[in-house]
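Only one structure is covered here, and it is reproduced in the block below.
The values are calculated or read from the model by the stated rules, or taken from the named source; none is laboratory data. Bear in mind the structure is a predicted one, so any value in this text is a computation, not a measurement. Here the Cβ is made from the backbone with ideal geometry for all residues, glycine too, and neighbour counts use every protein chain on show. Protein only, heavy atoms only, side chains kept; ligands, DNA and RNA dropped before computing areas. Shrake-Rupley method; radii C 1.70, N 1.55, O 1.52, S 1.80 Å.
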2 protein chains.
Amino acid sequence: MNSNLSADRPTFVTHLECSLTGQRYEADQLHNLSAAGKPLLVRYDLGAVRGFLPRAMVEARATDLWRWRELLPVRRTENVVSLGEIETPLVPIPKSSGSPNVLVKDEGRLPTGSFKARGLVMAVAMAKELGVTRIAMPTNGNAGAALAAYASRAGIETIVLCPDDTPEINVREIALQGGRVYRVNGLIDECGAIVAKGAAEGRWFDFSTLKEPYRIEGKKTMGLELAAQFGWRLPKAIFYPTGGGTGLIGMWKAFAEMEALGWIGPERPKMFAVQASGCAPIVRAFEAGEEHAERWEDAHTVAAGIRVPKAIGDFLILRAVRESGGRALAIGDPAIVKAAEDCVKKDGLLLCPEGGATLAAYRQALIDGLIDEDDEVVLFNCATGLKYPMPKATKKLDKTKPGDLSKL
Amino acid sequence: MNSNLSADRPTFVTHLECSLTGQRYEADQLHNLSAAGKPLLVRYDLGAVRGFLPRAMVEARATDLWRWRELLPVRRTENVVSLGEIETPLVPIPKSSGSPNVLVKDEGRLPTGSFKARGLVMAVAMAKELGVTRIAMPTNGNAGAALAAYASRAGIETIVLCPDDTPEINVREIALQGGRVYRVNGLIDECGAIVAKGAAEGRWFDFSTLKEPYRIEGKKTMGLELAAQFGWRLPKAIFYPTGGGTGLIGMWKAFAEMEALGWIGPERPKMFAVQASGCAPIVRAFEAGEEHAERWEDAHTVAAGIRVPKAIGDFLILRAVRESGGRALAIGDPAIVKAAEDCVKKDGLLLCPEGGATLAAYRQALIDGLIDEDDEVVLFNCATGLKYPMPKATKKLDKTKPGDLSKL
């Protein structure tokens, strides 16, 4: 049996810190944003972790998300909640990428079928640890599904608000998993405004992206996992579908923590923040040299997961991308659809639209000379393609007169 | 990187053997059924494997399906095909099962979202190794999806026939993954008859359940994996949703092979073959003490994956169940639906209907005194619940006047 879920292990959180001002906040109590209105980051006594946890000790453990316990915020093992957060596989897509070195990290294998499970498993475990009994959250779909599943498991009530064009399957999944889900005639930030209002009224705890400090800690396991999978080095470039950007920020944090532990060196992948042309606030800010990103008006794209007009962690995303020597790239819907189609037809791997966007962005980056053909590259497929509409297939055959089988 | 996919490893297949008569067949050439019309089983030089492969060597490898290479039939590493066949997690469902010892093996995490990936990845790799260029197969849905994905990846053409009420998502998925899929106005065995006709005409290779020898070898990894996950012992009972029964037969074979290798002892789990009341040929034969099962007429159940009126491996399923001291159990649709509902609402785990059937069967077995409350039990959830219809969720909220938030 996997002892990561049952073994008591020491924890090393020292405090929380405003990501903009560096102001310190107490650990082990409930927080949303800092006084400056910015996300809080969890800080650890990395010196102590370094002394306690040699890399080999992690390597000897089962490979799931909870193997990283000493770098995670949950103090008490009884608060660990889990639906089986496996290490997601790296799948080569040689035919559609044209390179044997392009690997898709298939996050659709996580509980509830998306990488949102990483953030929400951690945030829900911390909510349990800190005594939260009622959570509300805005979502474009997958985050709400992950929240509902983990919160139901942990016995916490959830209210989930999503834009009214959220894929039907997500809405149903949230409800089935015990979340009270509402369709709202607005985008995700407008859903978020209602959640904020209810939180201010004391009706629930606000679980919006980066408005509570622990989703980022869960998402950072993507970075930890990549290092372990690559034998304690990192790929040359990472293409990450960027809505709220928690995962990109989380990976960047993970790399720094691992360097402080002596687990990896100072080399970093080029981080490519991938957005859709119809909603590209980070790309616009990146190109304008801005530190923050304005809200994107009239956002629209087939890749609903990255339809986030305004990201509260904008400056953290932009910093990481710039420090890494990467770029923010905007991809049109036709290129997104085409990339996903090529991948499933040629390599047999069904991507979600946001995953398709990363493959399209890879192609663009190649053309633009931002990376080389033989670079080792990781594309994040953030959710199972099964959650998204697929074209109809209509061929029929009569069992009593199947006719000339050579025509099938 | 995972070297299971790239390392050359010795292989130990000696021959194939008729599962009924024991007649020998050559390895390394194409076969369907034996002369007796029964499935062929792959045999290995287990003495040589025992000398070559200590258990610890397997333990040191990455945990995916290809770690078992010496117990698998693929000779040449270049024929290994893969979409990331991870070791599937064991997820406790304490609330809906009433016991901390009931674990769901969540096979929905495999490529294409079902355990069919295990069988088809192996069968497709062997088809590649043996030069097959065109495959046809009948399917209730998930097997066709797995076939299409792996075959497209391997550059092999596929024709897939499915009953006309196969879930829409499966049909679309097969088409999207490059399979030519037809809806047929009949059940899976009637689709199979058309496939057999075309195979007899030399139009394609017949990939029906157990009609080619290698799907069972892929499915047997469920048994190998369970032993490794349980620290080289086995659970007290296994509840397996049984249509064609390849997995049950495969696990039973795996247990025997591991005992021959000295990896486990002679203890075996009680094997429970779970069927739906509306299609229970194995249950009927089990209760009548028959060696073979008659076709079940007018088959119907919400659990389409186990709607198999006539299983060609019937006698192998019945033997394994009897030898194990287990039972074949038929569950009504209402109990299936209720079990799945309880599990997702209370434990946050979305099962497929066939997975729901195993939880319902567990409950029945408890009531009938076939197992004890504190027995360690594994239920197989054979596919992701996301592929199945979910009830509508219809609540709406107006962003301009969300109203009294205490009512959400």
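The table that follows gives values for the structure above.
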item	result
Value of Rg to Rh for segment B:3-79 (Rh from inverse mean 1/r over Cα pairs, i.e. Kirkwood)	1.03
Segment A:64-115: trypsin sites (Lys or Arg not before Pro) in DSSP loop, at most 11 other beta carbons within 10 Å	A:76
Solvent-accessible area of residue A:368 with every protein chain in place, 1.4 Å probe, in Å² to the nearest 10	80 Å²
Peptide A:338-345, shielding by other chains (average Cβ, 10 Å cutoff)	2
Surface accessible to a 1.4 Å probe, residue B:400 within the full protein complex, Å²	100 Å²
Residue B:329 accessible area, 1.4 Å probe, all protein chains in place, Å² to nearest 10	10 Å²
Restricting segment A:309-406 to GluC sites (Glu not before Pro) in coil, as DSSP defines it, with at most 14 other Cβ within 10 Å	A:373
Extent along principal axes [Cα atoms of segment B:265-319; Å; largest to smallest]	41, 22, 18
Value of relative contact order over segment A:3-79, rounded to a whole percent, pairs C-alpha under 8 Å and six or more apart	43 percent
Percent RCO, i.e. relative contact order, over segment A:116-206, from Cα pairs under 8 Å lying at least 6 residues apart	31 percent
Dipole moment magnitude, nearest 20 debye, the protein assembly as shown about Cα centre, only Lys, Arg, Asp, Glu C-beta charged	440 debye
Taking all pairs of distinct alpha-carbon atoms in segment A:300-406, Kirkwood radius in angstrom	16.4 Å
Label distances, nm, residue B:373 versus same residue in remaining copies, Cβ-directed 7 Å point	6.7
Using alpha-carbon coordinates, inclination of helix B:314-324 to the longest axis of chain B, degrees	80 degrees
Helical mean residue ellipticity (222 nm; -39500 (n - 2.57) per DSSP H run of 4+; nearest 500) of chain B	-10500 deg cm²/dmol
In sequence order, calculated HN-Hα J values of segment B:376-387 (Karplus, 6.51, -1.76, 1.60; Hz; x Gly/Pro)	7, 10, 10, 9, 8, 8, 7, 8, 5, x, 5, 7
Helix B:333-347 vs. chain B, principal-axis angle (Cα, 0 to 90°, nearest 10)	80 degrees
Evaluated at q = 0.12, 0.13, 0.21 Å⁻¹: base-10 log I(q)/I(0), Debye formula over Cα of segment B:116-206	-0.30, -0.35, -0.94
Solvent-accessible area buried by pairing A with B, both sides, nearest 100 square angstrom, 1.4 angstrom probe	6500 Å²
For residue A:186, residues with placed amide H under 5 Å, excluding near neighbours	A:164
For residue B:77, inter-copy label distances in nm, listed shortest first [label point 7 Å out on the Cα-Cβ vector]	3.9
Residue-normalised accessible area of the protein assembly as shown, given per residue in Å² at a 1.4 Å probe	33 Å²
With 5 Å bins from 0: P(r) over segment A:1-160, alpha-carbon pairs, percent	1, 8, 14, 17, 19, 18, 12, 7, 3, 1, 0
Student exercise, chain A dipole from Lys, Arg, Asp, Glu Cβ charges, in Debye to nearest 20	900 debye
Equivalent ellipsoid semi-axes, segment A:335-398, via Cα gyration tensor eigenvalues times 5, rooted, Å	28, 12, 10
Estimated FRET transfer efficiency (residue B:24, residue A:61; beta-carbon r; R0 56 Å; 0.05)	0.80
For residue B:23, label point 7 Å along C-beta direction: distances to other copies, nm	8.3
In segment B:132-228, GluC sites (Glu not before Pro) in a DSSP loop with at most 14 other beta-carbon atoms within 10 Å	B:201
At 1.306 mPa s and 10 °C, Stokes D of chain B from Kirkwood alpha-carbon radius, µm² per second	74 µm²/s
Segment A:111-116 - phi-based ³J(HN,Hα) in whole Hz, Karplus 6.51/-1.76/1.60, Gly and Pro as x	x, 6, x, 7, 5, 4
For the protein assembly as shown, radius of gyration divided by Kirkwood radius, i.e. Rg to Rh on alpha-carbons	0.96
Size of segment A:4-47 as Cα extents on the principal axes (Å, biggest first)	38, 23, 14
Electrostatic dipole magnitude of segment B:250-351 [Cβ: Lys, Arg +1; Asp, Glu -1; Cα centre; debye, to 20]	160 debye
GNM result for chain B, Cα springs below 10 Å: residue of B:278, B:144, B:356 fluctuating most strongly	B:278
